[in-house]
1. Find the residue count for the stretch B:79-113, including only residues that are open to solvent by 50 Å² or more (accessible area, probe 1.4 Å) and at the interface with chain A (Cβ under 10 Å from one of its Cβ atoms).
2. Does B:Thr7 satisfy the criteria of being facing chain A (nearest Cβ under 7 Å) and surrounded by fewer than 17 Cβ atoms within 10 Å (Cβ to Cβ)?
3. Within the stretch B:10-32, restricting attention to residues that are among the hydrophobic types (A, V, I, L, M, F, W, C) and open to solvent by 30 Å² or more (accessible area, probe 1.4 Å), which residue is modelled with the highest pLDDT?
4. Answer yes or no: is there a residue in the stretch B:29-39 that is at the interface with another protein chain (Cβ under 9 Å from one of its Cβ atoms) and part of a strand (DSSP E or B).
5. So which of A:Glu47, A:Glu98, A:Glu86 ends up being touching a His at 6+ places or on another chain (Cβ under 9 Å) and not in a strand (DSSP E or B)?
6. Can you go through A:Phe35, A:Phe62, A:Phe51, A:Phe74 and tell me which one is within 25 Å of B:Val95 (Cβ to Cβ), modelled with pLDDT of 95 or more and surrounded by fewer than 15 Cβ atoms within 10 Å (Cβ to Cβ)?
7. Scan the stretch A:38-48 residue by residue and report those that are crowded, with 21+ Cβ neighbours inside 10 Å and free of Cβ contacts under 8 Å to residues at least 60 places away in the same chain.
8. Mind listing whichever residues of the stretch A:53-69 are touching a residue at least 12 places away in the same chain (Cβ under 8 Å), over 12 Å from A:Phe35 (Cβ atoms) and either within 9 Å of chain B (Cβ to nearest Cβ) or within 14 Å of the chain's Cα centre (by Cα) (or both)?
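The values are calculated or read from the model by the stated rules, or taken from the named source; none is laboratory data. All values reported here derive from a predicted model rather than from experimental measurement. Here the Cβ positions follow ideal geometry from the backbone for every residue, glycine too, while neighbour counts run over all protein chains shown. In case anyone asks, the SASA skips ligands and DNA or RNA and just uses the protein heavy atoms, side chains included. Shrake-Rupley method; radii C 1.70, N 1.55, O 1.52, S 1.80 Å.
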There are 2 protein chains.
Amino acid sequence: MEKINLTQAFATFSEYWSPRVAGDINASQIKLAKFKGMFDWHHHEHEDELFLVVSGTLRMHFRDRVIDVAVGEFLIVPHGVEHCPEALGDECHVVLLEPNTTLNTGNVINDRTVQAPSPL
Amino acid sequence: MEKINLTQAFATFSEYWSPRVAGDINASQIKLAKFKGMFDWHHHEHEDELFLVVSGTLRMHFRDRVIDVAVGEFLIVPHGVEHCPEALGDECHVVLLEPNTTLNTGNVINDRTVQAPSPL
């Protein structure tokens, strides 16, 4: 059992859209991810997904609106809701909290799909 | 679906050791709590518990050591592990992630037990 420092943990990887598993809380996981540019539209059939921004700004696109999430803010995207994350500006760093079954690209399988996210 | 700003959310309540439910992620919840002084020794039979510090410093006491968790750091306490949270200095503000069945005092029922935490 060790504490994790978010700044130090984010410094250990540089890939975008490739979440790192930072811990397990029963059937949920906390993951760290770096976003740059636009991701892909997708939804998660069963999993809700929390996005907590720790650096930069996350613009979450929905089919009917966008929500900009700044540092110190979080957004929960319910399962079934189509969304597309975008990093505004250079990049953004996000803490994800979601069931450990969650695939980053949800219902879409493409070259950015990470089947088994690495640990930190 | 609305984003939540942590600073604004923490400003909406003042009670210590009385977590507010800030959102549901499937069977997990994100809760906000203000700690001051020492809490009570307890464990959770089944639930792991994540503590992310956003203000102040959390000292987590275990039977064999203490771990100090500063702003921007988190600690996961596995189920079954006895612990006792303490706010160092004046107070500390903590984001909790845990199963929605988690009782703040775990296996102990006393006057600080919150059977049904209020929403924000």
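1. Total meeting the criteria: 2.
2. Yes.
3. For the stretch B:10-32, the residue satisfying everything is B:Ala11.
4. Yes: one or more hits.
5. When all the criteria are applied, what remains is A:Glu47.
6. Criteria check complete, one pass: A:Phe62.
7. Scanning the stretch A:38-48 gives a single hit, A:Asp48.
8. Within the stretch A:53-69, A:His61, A:Phe62, A:Asp68 qualify.
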